[in-house]
Amino acid sequence: METYRIRNHIVTFGNSVLRLKGKKRTLRIIMDSNAFFVPFQFKIDIFEELKTLLNRNFELVLLFPIHEELKTIANKDSPKMRKQASSALKLTEKCTLYECGFAGSPDDTIVKMAREWNCMVFTNDRELRKRLRNINVPVIYVRQKSRLGIDGRI
């Protein structure tokens, strides 16, 4: 009975029944490049953790400059980082790639798109988290090297 009410957006007030119109909007989450290294550094399954943390539908967004940054790391960094970046590029296949016509650093692109789309960002970069906090963008990050946390309101 309760599942039916939740699935069909039915709310009861006393003797009256109210059917809510529409469904919850799918939440967009912009992924920073360092978010894809979390599974290798901290042994956290980021996709399962996001499902349990958010408890709603979400779409993982990969911006084109971030994808290029991962490709660069996979080609030009130390052997250990190249291996992790190659594995991270495989994880990006679960994301939706967006081409944004913004020239600048990847962090500037994330800040601009997060403000424009009014969506969350998954990053562990301290400076980027501070910039996003200043413009009231919720940030998902790793807490205590064992789980994900949210800084800000969804």
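Could you look through the range 80-101, keep only residues that are of a type in the set (Ser, Thr, Tyr) and not in a helix (DSSP H, G or I), and pick out the one that is nearest to Phe37 (Cα to Cα)?
Only one residue fits best here, namely Thr96.
Answer yes or no as to whether Leu62 is over 23 Å from Lys145 (Cβ atoms), loosely packed, with under 14 Cβ neighbours inside 10 Å, among the hydrophobic types (A, V, I, L, M, F, W, C) and touching a helix residue (DSSP H, G or I) at 6+ places or on another chain (Cβ under 7 Å).
It is false that Leu62 is over 23 Å from Lys145 (Cβ atoms), loosely packed, with under 14 Cβ neighbours inside 10 Å, among the hydrophobic types (A, V, I, L, M, F, W, C) and touching a helix residue (DSSP H, G or I) at 6+ places or on another chain (Cβ under 7 Å).
Determine the pairs where a residue that is at positive phi and acidic (Asp, Glu), located within the range 88-116, has a partner that is surrounded by 15 or more Cβ atoms within 10 Å (Cβ to Cβ) and part of a helix (DSSP H, G or I) with Cβ atoms under 6 Å apart, the partner being 6 or more residues away or on another chain.
Filtered contacts from the range 88-116: no entries.
Any idea which of Ser146, Ser105 is under 16 Å from Phe40 (Cβ atoms) and either touching a Cys at 6+ places or on another chain (Cβ under 6 Å) or at pLDDT below 95 (or both)?
Ser146
Are any residues in the range 116-135 touching a Lys or Arg at 6+ places or on another chain (Cβ under 8 Å) and either surrounded by fewer than 17 Cβ atoms within 10 Å (Cβ to Cβ) or charged (D, E, K, R) (or both), and if so, which ones?
Trp117, Ile135
Given the structure, is Leu18 surrounded by 12 or more Cβ atoms within 10 Å (Cβ to Cβ) and either in contact with an Asp or Glu (Cβ under 6 Å, 6 or more places away or on another chain) or modelled with pLDDT under 95 (or both)?
no
Being closer than 22 Å to Thr26 by Cα and exposed (fewer than 15 other Cβ atoms within 10 Å of the Cβ) is the filter; apply it to the range 136-150 and report the residue that is farthest from the chain's Cα centre (by Cα).
The residue in question is Asn136.
Hey, among Arg28, Arg56, which residue is outside any strand (DSSP E or B) and touching a residue at least 24 places away in the same chain (Cβ under 8 Å)?
On inspection, the qualifying residue turns out to be Arg56.
Can you give me the number of residues within the range 65-79 that are of a type in the set (S, T, N, Q) and part of a helix (DSSP H, G or I)?
Residues meeting the conditions: 2.
The values are calculated or read from the model by the stated rules, or taken from the named source; none is laboratory data. What you are looking at is a predicted structure, and each value in this text was computed from that prediction instead of being measured. Cβ sites come from the backbone with ideal geometry, for glycine too, and all protein chains shown count toward neighbours.
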